[in-house]
Amino acid sequence: MPLEPGTLMGPLWTLLAFVGLGWLAARRLSVDPRPIATLLIYLIAPLTFFRGLVLGGPTPAYLLVTGALFLCASLVALTVNRLARHALPGEESAVLAFSAGTGNTGYFGLPVALVLLPPAGVTLYLFGVLGVTLYEFTLGFYLSARGRFSARQSLLKILRLPLIYAFLAALAVEALGIGVPDAIMEGLEVFPPTYTLLGMMIIGMTLGRVTLRQFDWRFLGACVAVRYLLWPLLALGVVLGLQATVGIPAEFAMALLLIGVVPMAANVVVVAMELGIAPEKGALAVLITTLAAPLLIPLYLGWMAPLVGG
């Protein structure tokens, strides 16, 4: 299905409205975003992740997709981390390294996937997103923490993250055949929209504190290059490689391409805020790549889809 720029306007304006609300909350109500970042990382994200895994019914094939995306995100982040340390200050290089392994696959990408992909493709996309999210709260969090903390302190911070245990709990529920009561699953329905709302609002709250000193064009250029040059080419290369070797369905190919062309992840700001590492610069980069998405995503997918038979 061809993707027109108008397809993205609904998700874009919704997300930007949430960003605007966050900006107003910070400027007019003096809301501190740091406790909200803590809530997202330690409570809302784990419950959202657990619910998604339980509903998805993880199978070995789906978990292979999750593992492959986790590995891919980790390799990209480690490569960028090695390069960034020689070109940027510690905190900025840590934010860039974290952002290199992830994208806005949930808040922004999922509404697009629902339009672009058939149900089987959406399921594959979601399990790919789970791999990216798992990266964010394991290796990604560690790389971010290393911008300010020692290796031991960074590892201890990872061990405190409940999302890892939510992932293991969901796998245990599936493996043991334990049914989660309907009342609990209904109660958990509130967390995904809350995750989206607060995740985007925290960008606006952070932007409300931005001054001209935060405009670091070298850092912003690196973020845009990684997100809109490196990742689209990587996604296309992976898809072409898989098609030439094992063969994959067209909907899986499009799901992988979509993961490769979404804007920067809002969680870049959430994690940077929690760790106190250049959240203002991260918020600017997220906003710029999000505003560019309606133009670039149709352009990229329109160019790549014929190459992969989509």
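The values are calculated or read from the model by the stated rules, or taken from the named source; none is laboratory data. From a predicted model like this one, the values you see are computed outputs, not experimental measurements. Because the Cβ atoms are built from the backbone with ideal geometry, glycine has one as well, and the counts that use them run over all protein chains shown. To get the accessible areas, we keep the full protein, side chains included, count just its heavy atoms, and leave off ligands, DNA and RNA. Shrake-Rupley method; radii C 1.70, N 1.55, O 1.52, S 1.80 Å.
Exactly one residue out of Leu240, Leu236 is within 20 Å of the chain's Cα centre (by Cα) and hydrophobic (A, V, I, L, M, F, W, C), and it is Leu236.
Is it the case that the range 82-92 has a residue that's surrounded by 15 or more Cβ atoms within 10 Å (Cβ to Cβ), in a loop (DSSP other than H, G, I, E, B) and more than 19 Å from the chain's Cα centre (by Cα)? Yes, because at least one residue in the range 82-92 is surrounded by 15 or more Cβ atoms within 10 Å (Cβ to Cβ), in a loop (DSSP other than H, G, I, E, B) and more than 19 Å from the chain's Cα centre (by Cα). Leu284 meets the conditions (1) modelled with pLDDT under 90; (2) under 15 Å from Ala100 (Cβ atoms) in every case but one. The failed one is (2).
Residues in the range 79-121 that are among the aliphatic types (A, V, I, L, M) and free of Cβ contacts under 8 Å to residues at least 12 places away in the same chain: how many?
In the first step, residues of the range 79-121 are kept if they are among the aliphatic types (A, V, I, L, M); the result is 80, 83-84, 87-88, 94-97, 100, 110, 112-117, 120.
Of the ones still in play, those that are also free of Cβ contacts under 8 Å to residues at least 12 places away in the same chain are 83, 114.
Residues that pass the stated criteria total 2.
Please give the helices (runs of 4 or more DSSP H) falling wholly within the range 108-160 in which 2 or more residues are within 19 Å of Ala77 (Cβ to Cβ). Give the steps one after another, and end with the answer.
Working: elements: 109-116, 119-136, 139-145, 151-159.
Where helices (runs of 4 or more DSSP H) fall fully within the range 108-160 and carry at least 2 residues being within 19 Å of Ala77 (Cβ to Cβ), they are 119-136, 139-145, 151-159.
Within the range 1-47, the set of residues being modelled with pLDDT of 85 or more, assigned to a helix (DSSP H, G or I) and of a type in the set (S, T, N, Q) comprises just one member, Thr38. The listed residues are Leu47, Leu55, and the only one of them that is of a type outside the set (Gly, Ala, Ser) and open to solvent by less than 60 Å² (accessible area, probe 1.4 Å) turns out to be Leu47. Residue under question is Gly147, and the condition is that it be over 24 Å from Leu110 (Cα atoms), small (Gly, Ala, Ser) and surrounded by 21 or more Cβ atoms within 10 Å (Cβ to Cβ); does it hold? Taking the combined requirement at face value, the residue satisfies it.
Only one of these is farther than 19 Å from Ala278 by Cβ and surrounded by 23 or more Cβ atoms within 10 Å (Cβ to Cβ): Leu63, Leu69, Leu96, Leu114. Name it. If you could, list the steps in order and put the result at the bottom.
Values: Leu63 fails: surrounded by 23 or more Cβ atoms within 10 Å (Cβ to Cβ); Leu96 fails: farther than 19 Å from Ala278 by Cβ; Leu114 fails: surrounded by 23 or more Cβ atoms within 10 Å (Cβ to Cβ).
Every option except Leu69 fails the conditions.
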